[in-house]
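A short reminder: the numbers here are calculations on the coordinates, not readings from a lab. All values reported here derive from a predicted model rather than from experimental measurement. Ideal geometry is used to build each Cβ from the backbone, glycine not excepted, and the neighbour counts take in all protein chains shown.
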Amino acid sequence: MSEPATQARLTGRHVAAMFVGGFTVIVGVNVALAVNAVRTFPGTEVASSYVASQTFDADRAAQDALGWEVGLTHADGTLRLSVLGPDGPVRPTVVAATLGRATTVADDTSPALGWDGAALAAPVALGPGNWNLRVELEAPDGTPFRRRIPLRIP
């Protein structure tokens, strides 16, 4: 005859070990996520949000008065930024342009946007994912035009 199987007893030490182990996993995951969130944060958009807010409404009204519609595409290794005004394509002056991912500045580049007769274009090799073009343009009348234009590459 075989002997009856003995059951392991659940003791206070076992419960304490499960409690400590569970919270160790929770705290460890939270610390790992917080470190990665801070490490990949791309930074600030403006030095002082208060100062930027003082002229925000006037800047937005001036940009809206231009009546521009912008479009961003990427095909065959060429990034194209089209700017359409009420009378057709507009050739603005490029003050600054930064192309990068939304979550990190590691892939940021400054594409050399040049006029191709219908739009601003630059040769750029992009991998799949979400990209942003942060661009500052100047209208022929001197009005600044700033936009962050998202682009999804499949």
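Does L137 satisfy the criteria of being in contact (Cβ under 8 Å) with a residue 40 or more places away in the chain, within 12 Å of V83 (Cβ to Cβ), in contact with a strand residue (DSSP E or B) (Cβ under 7 Å, 6 or more places away or on another chain) and not basic (K, R)? In short, yes.
Of everything in region 114-137 that is in a strand (DSSP E or B) and touching a Pro at 6+ places or on another chain (Cβ under 6 Å), the residue that is nearest to R39 (Cα to Cα) is N132. With the structure loaded, tell me whether A102 is under 30 Å from A58 (Cβ atoms) and hydrophobic (A, V, I, L, M, F, W, C) or whether it fails that test. Criteria met by A102. Taken across region 110-130, residues that are touching a helix residue (DSSP H, G or I) at 6+ places or on another chain (Cβ under 9 Å) and of a type in the set (A, V, I, L, M, F, W, C) do not occur at all.
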